[in-house]
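First comes the structure, then the notes that go with it.
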Amino acid sequence: MANSPAYDPSSSRFTRLSGVETGTVRPARTRTFLKISFIATLLLLCLAARVGGQSAPKITAVAPATGKVNDSVTLTGENLGKESVSAVFLSDDKDDYKATMMEQANGKIVLKVPEVKSGGYNISIQEGDKILILPVRFTVQS
């Protein structure tokens, strides 16, 4: 079988790729390295906002876990002070309902259940301009 350009390393097709003559072509490795470098840079930038600052707000307990509209509910956790949390919401899959905060300290928030229909809601907190929907549930009763 005669050498075709697809298999002939001396073909002009192969000599147009820089580095073929010296065996230094590694485009797959280079792309992989660049992707990893890019991802690492993004992670560092995301984490840099937290360096030197305090940790993200965290809710560890809700008491009581069920209640009626206008009942008081106590959220306990970490970094819940006014410098971290600007608002608390009850969230369903469509809307966020702002609760009135009656008391706020670094370790706890006491809120008033807003006017919502009965059912299950996630507790959400506003940190800066972001609303963080937490995996903490509260049930509103009729």
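Candidates Leu80, Leu75: the one that is modelled with pLDDT of 75 or more, in a loop (DSSP other than H, G, I, E, B) and either under 30 Å from Lys117 (Cβ atoms) or outside the structural domain of Glu115 (by TED's automatic domain parsing) (or both) is Leu80. Within region 84-95, the set of residues being of a type in the set (A, V, I, L, M, F, W, C) and assigned to a loop (DSSP other than H, G, I, E, B) comprises just one member, Val85.
One line per residue, one yes/no per condition, for (1) farther than 24 Å from Glu127 by Cβ; (2) among the charged types (D, E, K, R); (3) at pLDDT below 65:
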position	(1), (2), (3)
Asp8	yes, yes, yes
Val25	yes, no, yes
Arg31	yes, yes, no
Lys35	yes, yes, no
Ile39	yes, no, no
Cys46	no, no, yes
Thr60	no, no, no
Glu103	no, yes, no
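Residues in region 106-123 that are small (Gly, Ala, Ser) and either surrounded by 20 or more Cβ atoms within 10 Å (Cβ to Cβ) or in contact with a Lys or Arg (Cβ under 9 Å, 6 or more places away or on another chain) (or both): Ser118, Gly120.
The values are calculated or read from the model by the stated rules, or taken from the named source; none is laboratory data. Everything quoted here is computed from the prediction, not taken from an experiment. Neighbour counts are summed over all protein chains in view; Cβ atoms, including those assigned to glycine, are modelled from backbone coordinates with ideal geometry.
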